[in-house]
Structures are given as structure tokens and as C-alpha cells.
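This report refers to the structure that appears directly beneath it.
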Amino acid sequence: MEPVRGETGGAEARWPMAGAILSAMLLTALLPDDVRLGPAWALPLIEGVLLVAVIAADPGSITRRSRELRALSIALVSVLVLGALWSTVLLIDGLVHGSPQTNSASDLLEAGSIVWLSNTIAFALLYWELDGGGAAARAHEVLRHPDLAFPQHLNPKIGPPGWRPRFVDYVYLSFTNSMAFSPTDVMPLVPWAKLAMAVQAVISLGILGLVIARAVNVFD
């Protein structure tokens, strides 16, 4: 399918998304073996190949809309989310049943921080990729109603004309949802957004609560 021609003045640069994925790949490599899905090179390799394919298909500003490119982007984000969720499950299982990391406060805090950051980045990319059909669709203004309502949507007077959320806005959404366990300034309007934010809040609560409690117990 050929790119849709239209107004793309709000097109995003590719580098913030690419930087976040590279950061997630590094975090995956830093995880202990028993809190990681597969060997240290496996997920970063898959993510790297998908990232290169996405950048090659639409370098620079994100403007191209095609089924193939959309599928690649969703596959890339899905791998990131799967890896983060799997690490969360393994970390919590280690906290419940015991593991080498859970018997050392410093190792536990390090592993917990990496898993928490990985989830924050993965969900930021998930929100960014799915909201309004993705960055390219938002640039072309394909959808009239957003899936996530930012303050500038609810009150256009507080933002410049034609304001559209950028990747940093989704990073902030993911970070605040992980810390507050609920929406702060961004409201989910559709079922997928509500479910995703609920799942992220539960994951963050489990990581922060169990890791801190176990670390305090080990220190004692």
C-alpha cells in the first residue's frame, strides 16, 4: 500500500523511538540470566533486526503509512512488551520462591530497577504505537478522536494550534502511570488503553512493592 498523501507537518522524528528501543535492548542485556527470556543476545538481536527494518522502510520523520510497516512496528513493540512482562514474572517468581538475586539486597534492587525501567519503556512504546493508529496516522490526522486524551485535547487553549502528542508525552504517561498506579493527566478513552494502563499499574505495584519489601527484609 502506498503512503497516504496529506498534511504531515506534525510528523515525528524517528530517533526518540529508536533511542528508547536501544535503551531497552541494553537493559535486557544487563538482566541476570534467571530474570531474562532466553540468552542475553536473543531478544536484543530480534529487536535490532526489526528496528533496522522499520528505520530502513521509513527513515527520518515518521510519515509513511503501509500495512507492512505497521506490522513491523507492532511486532517490534510486542517483542519489547513480551520481554518486559516475562522478566517481571520471573522476578516475582524469584521473590516468592527464592533465587540468588532475592538473597542480596543490592542485586535485588538492581534487577528490580532494570525490570521496572524495561516495563516503563515498553509501555511507553505501546501507547505511542497504538494511540490514534500510530505516529504516521497521527501525522496525517487520520482519526478524529484520540484513544488517549492529553490535556491539550481536553482544553485546546493550553496548547498551540494543531498540537499532537510526541514520543516524550507517552514516556511521561508511562512513567506517571507506573508511579501513581493510575492515570494522572492523560485519560484512557478506549478499552485497549484502559486495559493497558491497568496492567501496567498492577505490574509496577507488584515490582515496587515486593522488591522494596524483600530488600528491606534482607537488609534487616
>> So if each residue of separation counts as 0.36 nm, and I subtract the Cα-Cα distance between W41 and L195, what length gain in nm does that give?
In response: 52.4 nm
> When the Karplus curve 6.51 cos²θ - 1.76 cosθ + 1.60 is applied with θ = phi - 60°, which whole-Hz ³J(HN,Hα) does each residue of the stretch 204-214 get, with x for Gly and Pro?
Replying inline: 5, 4, x, 5, 5, x, 6, 5, 5, 4, 5
> Which value, to two decimals, describes the C-alpha radius of gyration of the chain once divided by 2.2 N^0.38 Å?
Replying inline: 1.08
> How far, in nm, would the chain grow between W15 and R67 when pulled straight, counting 0.36 nm per residue and subtracting the alpha carbon separation?
Replying inline: 16.6 nm
>> Could you derive backbone 3J(HN,Hα) for the stretch 172-189 from the dihedral phi with the Karplus parameters 6.51, -1.76 and 1.60 (θ = phi - 60°), listing whole Hz in sequence and x where the residue is Gly or Pro?
In response: 5, 4, 5, 5, 5, 5, 6, 8, 8, 6, 5, x, 10, 9, 10, 9, x, 10
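Size of the dipole of the chain about the Cα centre, Lys and Arg at +1 and Asp and Glu at -1 on the beta carbon, nothing else charged, in debye to 20?
Details: 14 positive and 18 negative charges, 141 e Å.
Dipole of the chain, to the nearest 20 debye: 680 debye.
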>> Quick one: 3J(HN,Hα) in Hz for the stretch 56-65, Karplus 6.51/-1.76/1.60 with θ = phi - 60°, rounded, Gly and Pro as x.
In response: 5, 6, 8, x, x, 6, 8, 10, 7, 10
> Which is the longest run of the chain containing none of the GluC sites (Glu not before Pro) found in DSSP loop states (not H, G, I, E, B) with at most 15 other C-beta atoms within 10 Å?
Replying inline: 8-140
> Non-local amide H neighbours of E12 (under 5 Å, H modeled in plane, Pro and chain starts lacking H): which ones?
Replying inline: I62
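None of the figures in this text is laboratory data; all of them are computed from the coordinates on show. What you see is a predicted model, and the numbers here were worked out from it, not measured in a lab. Backbone-built Cβ (ideal geometry, glycine too); neighbour counts: all protein chains shown.
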